[in-house]
Amino acid sequence: MPSVLKSVLLTSLFAACAGLAAGPALAADDLPNIGSSTERALPLSQEQAIGDAIMRQVRKQAPLADDPEIGDYINRLGFQLVAHNPDGKNHQFQFFVIRDPSINAFALPGGYIGIHTGLVTTAERESELAAVLGHEIAHVTQRHLARRLEAQSQMSLPVLAGMLIGVAAIAAGSGDAGIAALTASQAGAQQHLINYTRSNESEADRIGIDTLAGAGFDPFAVPSMFERMAQAYRYDRKPPEFLMTHPVTQNRVAEGRQRAATFGPGGDRDPLAYALFRARLKSLTGENPQELLKTYEHALAESGDKATAARYGKALALTELRRYDEALPLLEELQRSHPDRLTFALALARLDIAAGRPGPAQSRLEALLRANPGHHAATLTYAQALLLANQPERARTVLQEHVLGHEQDVATYRLLAEAQGRAGYMDEVYESQAQEFFLKGDLDKAIRHLRQALRQRSQDPYARQRIQARLEQYDDLLEQELSQR
Ligand SMILES: [Zn+2]
């Protein structure tokens with residue numbers, strides 16, 4: 001399902017980080033004898049720190065679908081599944097989408113789970129995407145990365161360093177470069193690693209199906225997704241690396257079907273939400289809106305959710321083409337017929353903003369936020385409307401409250417910095433920008449901005465303390481990074 005090579009690489013990066021950061025401290029004697037040997041090899045807290053660091057590199061190098069509605073959807077779906085994984089509550093999770101047409105999904109240390117847009121294109125049903133997420137969640141809860149770290153502790157530093165480069169390249173979406181790096185550095189370790197991976201994969205398959213069924217989705221989406229992935233590359237001379245190294249065997253499909261049969265068929269939980277999510281993702285991935293418009297015109301003849309999604313997609317394409325007068329009635333009608341779908345209200349607000357009408361956008365979003373306080377996508381869109389209406393002070397207030405609880409969200413910090421700057425709070429801008437640079441893996445710039453913030457706010461003891469603490473944290477991280485180069 002996901003790339004074995006990729007999981008091998010990520011596992012190895014894991015090993016590299018842990019080995020370098022912890023060194024001899026990994027010896028079992030130095031650690032309290034609680035939990036399993038896996039926990040001793042890599043405590044969860046350390047796994048989280050490593051995952052955070054890798055995620056910052058992913059934000060730096062990979063083309064993320066950086067859209068709050070996309071983020072909201074994939075996280076909602078992900079957490080519906082996490083709630084039904086027996087160990088889900090013991091781990092942190094964050095789900096994200098990478099704009100890459102290849103079919104792929106992967107779990108990073110620390111519960112960061114990424115999917116490529118190509119996977120969404122391939123998964124025609126909500127349950128099929130959920131099937132992949134359930135599998136990745138199981139890799140995290142079963143601590144497969146940490147378990148392989150135990151098996152790999154003998155690997156040499158040059159091997160690990162080579163893999164580290166491979167991970168960065170693969171996370172950035174250039175799979176081939178990653179494979180080259182892997183081949184050059186892997187030596188004899190590969191077979192050993194892949195053997196481990198296979199047993200982990202079947203465990204993740206098994207737990208993934210249980211999770212999927214437990215959450216009320218269709219467990220048969222697992223074998224059907226396997227078949228879809230194999231089908232997608234049937235005529236390619238060179239399939240993607242994850243199918244090459246970890247083929248969808250008949251055995252795997254049969255096992256999936258057998259296990260699904262113990263649950264019986266289920267359904268999708270919200271098929272319309274999934275259809276709308278796919279349409280929104282399509283409009284964000286840079287496809288020609290003129291072409292999309294044609295596709296949607298054809299799809300209008302479909303029925304049910306497909307027709308609704310086609311009308312929505314058409315409205316998004318029209319908005320993109322600045323044909324606001326045609327998009328508006330389409331969206332208004334969709335909103336009338338689906339008053340509970342925030343998606344349509346949000347699309348209307350974005351249309352107003354694109355057309356330079358902040359007033360109506362504000363009214364729509366205020367109503368939306370009254371009914372859904374703190375809603376992420378609605379709040380960010382509201383801040384954009386306020387900025388367009390030249391009310392940066394209010395946007396700043398809204399975002400300053402919102403950023404608490406969204407400390408990992410780059411888009412929130414970016415908007416906050418804009419609001420602070422336009423409202424004349426330059427000292428605050430440096431701090432927000434520092435956080436944005438930090439999240440995007442640019443520690444040098446983050447530190448420079450924090451120093452600037454410290455100079456500007458030296459009179460405020462509370463701010464000074466906060467900035468100094470963060471500076472110390474960033475300095476430590478930078479030192480670690482440099483020692484690993
Ligand atoms: Zn897997």
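The values are calculated or read from the model by the stated rules, or taken from the named source; none is laboratory data. Just so it is clear, the model here is predicted, and its values are computed rather than measured. In this analysis, Cβ positions are derived from the backbone assuming ideal geometry, glycine residues included, and neighbour counts consider all displayed protein chains.
For the stretch 344-359, the condition of being more than 28 Å from the chain's Cα centre (by Cα) and within 20 Å of LEU416 (Cβ to Cβ) holds for at least one residue.
Name every residue in the stretch 51-70 that is of a type in the set (A, V, I, L, M) and out of contact with any strand residue (DSSP E or B) (no Cβ under 9 Å at 6 or more places or on another chain), in order of residue number. Lay out the reasoning, then the answer.
At the first step, the residues of the stretch 51-70 found to be of a type in the set (A, V, I, L, M) are 53-55, 58, 62, 64-65, 70.
Answer for the stretch 51-70, where residues must be of a type in the set (A, V, I, L, M) and out of contact with any strand residue (DSSP E or B) (no Cβ under 9 Å at 6 or more places or on another chain): just ALA53.
Considering the stretch 355-373, and only residues there that are among the hydrophobic types (A, V, I, L, M, F, W, C) and closer than 16 Å to PRO68 by Cβ, the residue that is surrounded by the most Cβ atoms within 10 Å (Cβ to Cβ) turns out to be LEU365. When the stretch 463-483 is filtered for residues that are over 21 Å from MET426 (Cα atoms), under 28 Å from the mean Cα position of the chain (by Cα) and not charged (D, E, K, R), the ones remaining, listed by number, are GLN473, TYR474, LEU477, LEU478, GLN480, LEU482.
Grab the helices (runs of 4 or more DSSP H) fully contained in the stretch 97-201, keeping just those with 3 or more residues being modelled with pLDDT of 90 or more. Counting at least 3 such residues, we get 117-122, 126-141.
Filter the stretch 281-303 down to residues that are aliphatic (A, V, I, L, M) and either closer than 17 Å to ARG322 by Cα or assigned by TED's automatic domain parsing to the domain that holds ALA65 (or both), then give me how many there are. Give the steps one after another, and end with the answer.
The initial filter retains those residues of the stretch 281-303 that are aliphatic (A, V, I, L, M), namely 281, 284, 292-293, 299-301.
Keeping just the survivors that are either closer than 17 Å to ARG322 by Cα or assigned by TED's automatic domain parsing to the domain that holds ALA65 (or both) gives 284, 292-293.
Total satisfying the criteria: 3.
A quick yes/no check of all residues on (1) surrounded by 23 or more Cβ atoms within 10 Å (Cβ to Cβ); (2) modelled with pLDDT under 80; (3) within 16 Å of the ligand (Cβ to nearest atom); (4) not assigned by TED's automatic domain parsing to the domain that holds ARG198:
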| residue | (1), (2), (3), (4) |
| --- | --- |
| SER12 | yes, yes, yes, no |
| ALA16 | yes, yes, no, no |
| PRO24 | no, yes, no, no |
| ALA27 | no, yes, no, no |
| SER37 | no, yes, no, no |
| LEU64 | no, no, no, no |
| GLN94 | no, no, no, no |
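Candidates in the stretch 469-485 are the residues that are touching a residue at least 12 places away in the same chain (Cβ under 8 Å) and farther than 20 Å from VAL403 by Cα; of these, the one that is surrounded by the most Cβ atoms within 10 Å (Cβ to Cβ) is LEU477. Checked against (1) surrounded by fewer than 18 Cβ atoms within 10 Å (Cβ to Cβ); (2) assigned to a helix (DSSP H, G or I), SER458 meets all criteria but (2). The set of residues from the stretch 336-367 being in a helix (DSSP H, G or I), out of contact with any helix residue (DSSP H, G or I) (no Cβ under 7 Å at 6 or more places or on another chain) and over 13 Å from LEU388 (Cα atoms) comprises ARG336, SER337, SER363, GLU366, ALA367.
Here is a yes/no grid of residues against (1) under 24 Å from ALA383 (Cβ atoms); (2) under 26 Å from the mean Cα position of the chain (by Cα):
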{"site": "ASP268", "(1), (2)": "no, yes"}
{"site": "ALA275", "(1), (2)": "no, yes"}
{"site": "ARG278", "(1), (2)": "no, yes"}
{"site": "LEU300", "(1), (2)": "no, no"}
{"site": "LEU318", "(1), (2)": "no, no"}
{"site": "TYR324", "(1), (2)": "yes, no"}
{"site": "LEU328", "(1), (2)": "yes, no"}
{"site": "GLU333", "(1), (2)": "no, no"}
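So in the stretch 203-213, with the set limited to residues that are closer than 12 Å to THR262 by Cα and not charged (D, E, K, R), which one is nearest to the ligand (Cβ to nearest atom)? Only one residue fits best here, namely ILE209.
Residues are listed down the side, and each one gets a yes or a no for (1) within 21 Å of ARG341 (Cα to Cα); (2) touching a residue at least 24 places away in the same chain (Cβ under 8 Å):
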site: GLU366; (1), (2): yes, no
site: LEU380; (1), (2): yes, yes
site: LEU386; (1), (2): no, yes
site: GLU393; (1), (2): no, yes
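Scanning the stretch 115-133 for residues that are closer than 21 Å to MET55 by Cβ and either more than 14 Å from the chain's Cα centre (by Cα) or surrounded by fewer than 23 Cβ atoms within 10 Å (Cβ to Cβ) (or both) returns a single hit, GLY118.
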